[in-house]
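Notes for the one structure printed next.
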Amino acid sequence: MIRVLIGKNGYALKKDLRKTIADFVTKYGDSVERFDGSELASIDSVLDAVRSISFLEPRKLVVVRDFGQSKELMDRIEDIVGQVADSTDFVLVDEKLDKRTAGYKYLKKNVEVIDYIPLQEYESEKWLTKLAAELTTKLSPSAAKYLIARVGNDQLRLEQELIKLASNGREVTQNLIDDLTEQQPQSKVFDMLDALFQGRLDSAWMLYKDQRAQGEDPHKIIAMITWQLTQLTLAIHAPMKTVDTLKSAGVSPYGAQKLLRMSNRITKDQLKSYINELATIDEHIKTSADVESALETYFVFVCNKQ
């Protein structure tokens, strides 16, 4: 058996890898050899491992993590695969494999390749409610959406946060999520913009200073503001202002609802001025302006437009 595990959904990939190893050990014993592609001086050790036969167990398992980090291994992948013994299970793992390489194209054509794709937010919502049931706690679909919006759509973090929330023995509500989880910067930027577009300068600036106190770089905050304005542009210029329209453009259902509410308070001319002013400030920052002062100027500009 030769399998290749790749993809950006590290949670699902690692879970499958752990199961593969555990199932093998249960069935055949602990004849497992592990390698790290980023640390391989040469591929001779991998070749020896896949070619040799285990004398103590009926089969052996060879696992190479980050195999794409070894140029020699990728250049000779066809040779390695061709020498895998019939009694050897060979598993190649890499979350960041470059799919443009000839090595990947050969693997895709000749062996089993599993690409673990990150869940869409609606898929994460279903997964979370199922996980909550397994943890014998109650999590409504709306609470699942709120948790994803607050901490991000990363399965590992979502699992950790839900386990923590479930340990209280209470229904997981929005209030409980607020009390026990830390909001991700992207969600905070949305709240900050929401305050700005309502003309609440003090609240918006307080949210900004809170992010700075937590170590967020102001240039990163500018990048997130730019991204949020891009999302808002979709909502304002959409031919039909509906959640389904924004979902088709890749916006999460929860994010779409927030964007639509915000878009009702902003005209196209206002949006254009916000984008132009941010571009001007960004250019000044790259030359001489102080980032903090430039952002404060931007906040005042937006609030004065209300």
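Residues with amide H under 5 Å of ASP89's amide H, sequence separation 5 or more or different chain, H placed in the peptide plane at 1.01 Å from N; which?
Result for ASP89 returns LYS60, LEU61, VAL62.
Can you tell me the 0 to 90 degree angle between the C-alpha axis of helix 10-28 and the longest principal axis of the chain, rounded to 10?
Computed tilt is about 20 degrees.
Measuring from label point to label point, each 7 Å out along Cα→Cβ, what is the SER140 to GLU171 span in nm?
0.7
For the chain, what Kirkwood radius comes out of the mean inverse Cα-Cα distance, in Å? Kindly include the intermediate steps, with their values, before the conclusion.
Values: mean 1/r = 0.0434 Å⁻¹.
That comes to 23.0 Å for the chain.
Output the 0 to 90 degree angle, nearest 10, between the alpha-carbon long axis of helix 141-151 and the longest principal axis computed from the alpha carbons of the chain.
90
Compute the label zone of GLN83 within segment 56-75: residues whose backbone N is under 12 Å from the point 7 Å along Cα-to-Cβ.
73
Compute the helix-to-body angle for 121-134: its Cα long axis versus the longest principal axis of the chain, expressed 0 to 90° and rounded to tens.
70
Can you list the lysines whose alpha carbon sits under 28 Å from that of LYS241, skipping same-chain ones fewer than 8 residues off?
Those lysines meeting the cut-off are LYS126, LYS145, LYS188, LYS258, LYS268, LYS272, LYS305.
Between THR242 and ARG34, what FRET efficiency follows from the Cβ-Cβ distance if R0 is 51 Å, with the result rounded to 0.05? Don't skip to the end; give the middle numbers.
Working: r = 51 Å, r/R0 = 0.99.
Calculated transfer efficiency: 0.50.
Using alpha carbons only, how many angstrom separate the centre of segment 209-228 from the centre of segment 243-303?
13
Just to confirm the filter: which trypsin sites (Lys or Arg not before Pro) across segment 78-108 are DSSP coil and have at most 15 other Cβ within 10 angstrom of their Cβ? Before the final figure, lay out the partial values.
Working: sites: LYS96, LYS99, ARG100, LYS105, LYS108; in loops: LYS96, LYS99, ARG100.
Loop-located and lightly packed - LYS96, LYS99, ARG100.
Only helical DSSP H runs with n ≥ 4 go in: add -39500 (n - 2.57) per run for the chain, normalise by residue count and round the 222 nm mean residue ellipticity to 500 deg cm²/dmol. Working shown, then result.
Working: 16 runs with 188 residues, N = 306.
For the chain, the value works out to -19000 deg cm²/dmol.
At 4 °C and 1.567 mPa s, grab the translational diffusion coefficient of segment 185-304 from Stokes-Einstein with a Kirkwood Rh over Cα pairs, rounded to a whole number in µm² per second.
Working: Rh = 14.7 Å.
For the chosen part, D equals 88 µm²/s.
Per residue and in cubic angstrom, what volume does the convex hull of the Cα atoms of segment 2-115 have? Please report the intermediate quantities before stating the final value.
Details: hull volume 10.4 nm³, N = 114.
Cα-based convex hull of segment 2-115, divided per residue, equals 91 Å³.
Each value in this text was obtained by applying a stated rule to the coordinates, not by laboratory testing. Owing to the predicted nature of the structure, the values given are computational and were not obtained by experimental measurement. Methodologically, a virtual Cβ is constructed for each residue, glycine included, from the backbone with ideal geometry; neighbour enumeration extends over all protein chains shown.
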